[in-house]
Structures are given as C-alpha cells and as structure tokens.
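See below for the structure under consideration.
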Amino acid sequence: MDLACRHQHTARHLAFKLCRRFVDDEPPVSLVESTAAVWHEHWQADDQIARVLRHIFHSEEFCSGTGEKVRRPFEVLTAALRKTDAEISPRDHFSGWQPWGELLTRFQQTGHGSFRWPAPDGYPDTAERWSSVFVLGQVWRLLSRLPELRESGSSGPLMQIQSLSVNNLPSGQRTARRLVDFWIERLIGRPIAEERRAELIDFLRQNAAADDVLDLESGLPDGLWAAGNLSAHYTPARLRATVALICTCPEFHHR
Amino acid sequence: MKRRHFLKGCCLAAGAGALPATFFVTPRAFGQTASHDVLVYLFLRGGIDGLHLVVPYSGPERVAYENARGNMRIPVERLRPIGGGWALHPRAGGGPGDAVDSDPKWLQRLWLQEKLAIVQGVGMRRRCRAAISMHRPWMDLGTPGTKATSDGWLKRYLEQATGLPAPLLSHVMGFSSTQPMSLLGSDDAFTVSRAEEFRVDGFHWSWNQSNPDIAGHQGARHLISPLWQSVRTPLEEAGGLTAEALELMREMDFAGYQPEGGAQYPDSNLGGQMRNLAQTDQERPRTGCRDAGLRRLGHSPGTGVAQSRQCRPLRLLWKPGTGPFRGHRRLLYRPVPVRCRKPDEPGSVSWYSASSGATCRATSHSEPTTVTATSCWLWGGRVIGRQFYGEFPGLDSNSLFEGQDLDTSTDFRQVLAEALVRRMGFSAGQLDTVFPAMGSYQPLGLFES
C-alpha cells in the first residue's frame, strides 16, 4: 500500500480525477501537476486530502471555472432538495414511504442510479455523458415530480416551496416577478438569461400583471380552482411548477 | 417536429463537436434509415431452464437425461417431438389444456415453418459458480470473466459500424428501467422503461397538462422548449434537441398503435416493452433507431425473491419457497417474442437464449442455478430454420461440467457475431473490437446469404 500511495502515477491519477471533478472536464495540465505535487508531498499526512482540495479550491482555474461543469443527475437532485429545505429520511426499500419508490425509480431512469455502474472506475464525470437527450429528458421528468412528492400521511410536499416563499417575502411582495427572482437567486445564485426569466414570470403570473400580488395561502397545499381567473388557479401548485421549471433551466444544470 | 429546428439542430451538432452527434438528421435521411436492419437484443434475466425447453426425446441422451434429472424429467408422452431425438416442452407448442399432438402453436409452429433455429450448448466458456448477477454483466458487456469493462458490446458495435444513417432520435434504444449493460458507455443511447414515460409529466395535475376547457390554460411542460431555445453552450444545444425529442415522442400514438400481423402483446411490463419496440421499429423512418436492447429484471433462480416490482409477470410464475425449476411450465406460458413478432418480417432478427442455463442434478432445488450452457433460439429474416446447430455437449456424467451442469460447446458471442456479420453487414475482421478475446470467428451458417 505504501508503494502505491507514494507512487507518482497514483498522485497524478487522483489529482486528475479531482481536478476533473471540481474544475473542468479537461483540467489544465499545470493544475493537475501542481495538485499531484501536493498530493505526493503530503502522502503520509493525516490531512492529505484536505491539503489537496485546498490547493484546488484556491487555484485560479477553480475560481474562474465556476459554471463550466455540468451537474450529474444526482447533483441536480440533491441541489434541488437542499435549496428547497426538503427533509428526506430514506427508509429501507420502498415500504412505509410511498414517494421514496417514485423518487428512486425516476432517479434511476436518469442513468445515474446508485451502485449501477458495474466497472470500478465510477460513472463518467464529463458533460458529454450527461448531456444526451435521454439523460436530460429523464432528469426533467424527475424534476417535474420532485415538488409534488410528499410523505405518506402528510399534507405538505417535501420541498418547502410555499413556506420558504411566504417566510422570505412579505405578503405585499409576493408578485410573480419577485417570486421568480427569489427562487432564481435561491436555486442558482446568479441571474439567468433574461428571456428565460420572462417566460417563467409569464407562467407564474398568468393573466395578472407581473407585479400583482399572488395569493399563496388559500386552499393549501395546492390552492383553489379558479378557471375564470388563471392567476388565482391553483397558485401554490403553479408556484411549485415554476420552481421545478427553474430547476430545468440550463443555469441550474451547470455548477 | 419542427423541421426548421430539426435542420438547425443537425447543423449545430455537426459543428459543435462536443455533443453526441447522432440525435437528429435531415428529413431526407429518413428514407435511408427505413432500409436498414434492426437488431433486437432481449436479455431475459432468470429465464427458462434450457433442458426443459429443448428436451432429449430418444436415444442415449434421453437415457442420460432421465438419469440426471430424476423426478424433474418431463415424460416423453408429454413432450412435442421435433425430430433428431429432441422435443419441445408441451407449452412451447400449445396452450393450457392442449394435447401434445394438437396443432402446434408459437415456437413449435415457427420451427415447423422453418423460421426458427436452435443452437445447442450455447454459453460462456469462462464460468463460475456465482449467481446470475455475476453472469449478466459478463454477457451484456461481452467480456466473460470480467465485469470491469466500461462499455457494453452493443455500444462497441455501434462505435465501429460504418454506413449508419444519421438517426433522428438515436441509433439505439434500450427498454429498461436503467440503461442496459449492453449499452453501457453509450452517450446517446435512448433508454426508457416504457416509451410512454419519456415525457415531463410530474407537475401537479392542475398545471401538468393543458386543459382545453379553460381558456388560455397551458400545462407547465410547454415551457420546457422556450426555456431551452437559446443556444450558447453545448449543454443548451443538447437541451434544445431534448425538448424537441420530447415533443416527438408525444406525437407517437402509443395507445392507438395497431400491431402488424395481428400480433398480441401480453398485458405486462415486458409485453409493453415489446409493443414499444415493435412500434419504434415501425416508426424507424422517424426515429432512426437501428438497435434495440431490452433487459428484463426477472427472478433470481433459487432465491425465491423477486428483484423488483418490474418483474411482476415473472414473480407471479415463481412462487417464493419453491425450487428453481418448479413453475417452468408456467413460465413458458409467455413465449413473448414469438407471439408478438413477425418472424418473417424483412429486416428483423431476434435472438433469444434461456439465460438460466441448465443444471442437471435432480436434487438442486435449494441451490442457485449457474449459468453454463443452454439452447439458443434464433428466428427472423434469413434464419435457416428447423435445424439444430452447434454440438450438444452431452448429459452423461463425463460430459457434464463439474458432473452436474450442461457444458458449453458454442461461445454465445459467436452467435451474436454471426448476426452482426451476416445480418448487419459488420466486418468480421473487426469483431475483436466488439468481442475482445473471443478468439477466431467461427460462423455456424445460421443465415441465408
């Protein structure tokens, strides 16, 4: 083991994988080499991995490379759940929690199911692998369902979309424009293409103006039927759909 | 499908280089795709005991069979003889209650019509006494002995195949809850459990679909395409194509599909997948699909535990607590590929092998079966049927693998290789790229020229 741990090729192999993971599909050779040097220099240190990661995270390539990597389906899933304060306690197999089965099934259909890659090299970590029609279609299918999953016997969805919106925006500010901007900032952390933002606002506002206040608290959890006034038609459910759509945007797929 | 975007997608895919450049084609290429063969690869995990399906009927093998199988043997009076000292399981040629001399159906009828061929002793020369979960990767990856291979044999074939038409959707479709291992490593393989499920359909019902009864109401899914209209990055380009593909699949009328030739599909997940496959084949001019793989999660013989809810049709046939060979008679109740596929349809060939192999010991009820050898069945265009191929390894104690299992006389890859060469036009000289370490190509003469 010592021979393997201090071997130069081990350092370079792992440095390349780490740089690919955190920086770019084809990381700069200079960064890989410098990372490998840190790895090799501290091959007996207790905090070897921390030192190596610190080196990568402080590199210019890492700082300038944000948004270049494409998230794999599991990263898309976890990012969506974290940003919406979803609390999940997976149970053994599917029993006891109905959404778990649907969540797992839809997730596995993205091609990134846990422990499904038979070779020891792990799932590919490049954009090409995770940008196919099949993968993106199944990821969007998963994302469209996430806001509707709820614990068995619970009235509220796992994703705290309604409560986060209400708690962070005073009632007078709950307009389509403010709600979309709030969720773009929360989910993505930076502006998205203006044409996409406009589409999202239009969907959420329906026949109301972009700055009209929407009712997020009547008829919870889904809202009320209002066919004659679509801006009031199942508004909390429409907000959840809007959040799911933000997650399907290209900016959310990058990291 | 929006033709303008179609062409746009094609050009961008060709120019970007970073994308899988196999999604879409110009409409002119549609006609070209229709003339190509389709290879259907169906992996039945936990399949039929090969010696229950093709049974020694007379001669020394019958004697050896009765000695080896004891009370598991099928009496000759219940078998359907097909010549050469062999017979079929009664349910391979008839339904419940049919006498063995009644008009043949299904597999036996195909055999009599010279549309079906049987290769004896097909399996892997590299064997181990592990459950099928070990052997399936070996077979799907096409590399017996190792599951460390990072791509499947179908993926390798598609990489090497030349002259493929540029497809509309993908060169290859997989019908499985997860990507079949035979397609492992393929960036553009289109894998769905059911074709109907390739759609964004999870929003709350109130906004999931457009409601035509509400003026101005439009389902959330209609926003997907506008959100991906701009093309600045390769990812956005891929997303735009995905949005169009989703719309394309929506246009396919799955509920109203009329199978050709009066085919009937079982009301099961596998039946639905076969139905999808046939419809995809019919829609080839639109989808450009050339290969299709199915993977069935089935029963793991000997465990009495079903693998997942996907395998309900098989689970019904394998009751927990029964031995691995009980219930086979009912398993044969669903010779799905035979009933739902026109065997003489031009441009189709199907390959099927009872994947559970054949253990000969009569007292092995509580032990897992191993994958050794079994019979392999082929039917479809240009198959020279009503013939046995390969060498039957023998059931006498000296011929059995480790004294208990049917040995392997034909490497399963040779059968697949022959289909690739004779039916798909693949170069025999390149077979080592698809099946590394297979050894020399040894065709059995399964296909007409």
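The values are calculated or read from the model by the stated rules, or taken from the named source; none is laboratory data. What you see is a predicted model, and the numbers here were worked out from it, not measured in a lab. Here the Cβ is made from the backbone with ideal geometry for all residues, glycine too, and neighbour counts use every protein chain on show.
In this structure, is B:Trp228 within 8 Å of chain A (Cβ to nearest Cβ) and either touching a strand residue (DSSP E or B) at 6+ places or on another chain (Cβ under 8 Å) or under 16 Å from A:Gln138 (Cβ atoms) (or both)? When the stated conditions are applied, B:Trp228 passes them.
Of the helices (runs of 4 or more DSSP H) lying entirely inside segment A:1-53, those containing at least 1 residues that are more than 29 Å from the chain's Cα centre (by Cα) and of a type in the set (Lys, Arg) are A:8-22. Inspect all residues belonging to segment A:222-236 and state whether any of them is crowded, with 24+ Cβ neighbours inside 10 Å and out of contact with any Pro (no Cβ under 7 Å at 6 or more places or on another chain). Yes, segment A:222-236 has at least one match.
Residues checked against (1) closer than 30 Å to A:Asn229 by Cβ; (2) surrounded by fewer than 24 Cβ atoms within 10 Å (Cβ to Cβ); (3) at pLDDT 80 or above:
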residue	(1), (2), (3)
B:Glu159	no, yes, yes
B:Gly185	no, yes, yes
B:Val192	no, yes, no
B:Glu196	no, yes, yes
B:Asp201	yes, yes, yes
B:Trp205	yes, yes, yes
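Of all residues in segment B:198-225, those that are at the interface with another protein chain (Cβ under 7 Å from one of its Cβ atoms), outside any loop (DSSP other than H, G, I, E, B) and of a type outside the set (Gly, Ala, Ser) total 3. When the helices (runs of 4 or more DSSP H) confined to segment A:93-188 are screened for residues that are closer than 25 Å to B:Asp187 by Cβ and of a type in the set (Val, Ile, Thr), those reaching at least 1 such residues are found at A:98-107, A:133-145.
Only one of the listed residues (A:Arg240, A:Arg255, A:Arg141, A:Arg174) is within 12 Å of another protein chain (Cβ to nearest Cβ), buried (at least 20 other Cβ atoms within 10 Å of the Cβ), in contact (Cβ under 8 Å) with a residue 40 or more places away in the chain and of a type in the set (D, E, K, R). That residue is A:Arg240.
Taking the criterion of being closer than 27 Å to B:Arg275 by Cα and in contact with a Phe, Trp or Tyr (Cβ under 9 Å, 6 or more places away or on another chain), the only residue of segment B:203-214 that qualifies is B:Gln209. Can A:Glu195 be described as facing chain B (nearest Cβ under 10 Å) and over 23 Å from A:Pro73 (Cα atoms)? It is true that A:Glu195 is facing chain B (nearest Cβ under 10 Å) and over 23 Å from A:Pro73 (Cα atoms). The set of residues in segment B:234-253 that are out of contact with any His (no Cβ under 7 Å at 6 or more places or on another chain) and facing chain A (nearest Cβ under 7 Å) comprises B:Pro234, B:Glu236, B:Ala238, B:Gly239, B:Leu241, B:Thr242, B:Ala245, B:Leu246.
Return the pairs, sorted by first residue and then second, in which the second residue is loosely packed, with under 13 Cβ neighbours inside 10 Å and not polar (S, T, N, Q), the first residue lies in segment A:1-27 and is under 18 Å from A:Val70 (Cβ atoms), the beta carbons are less than 8 Å apart, and the residues are 6+ apart or on different chains. Short answer, once both residue conditions are applied: A:Arg20/A:Glu26; A:Phe22/A:Phe57.
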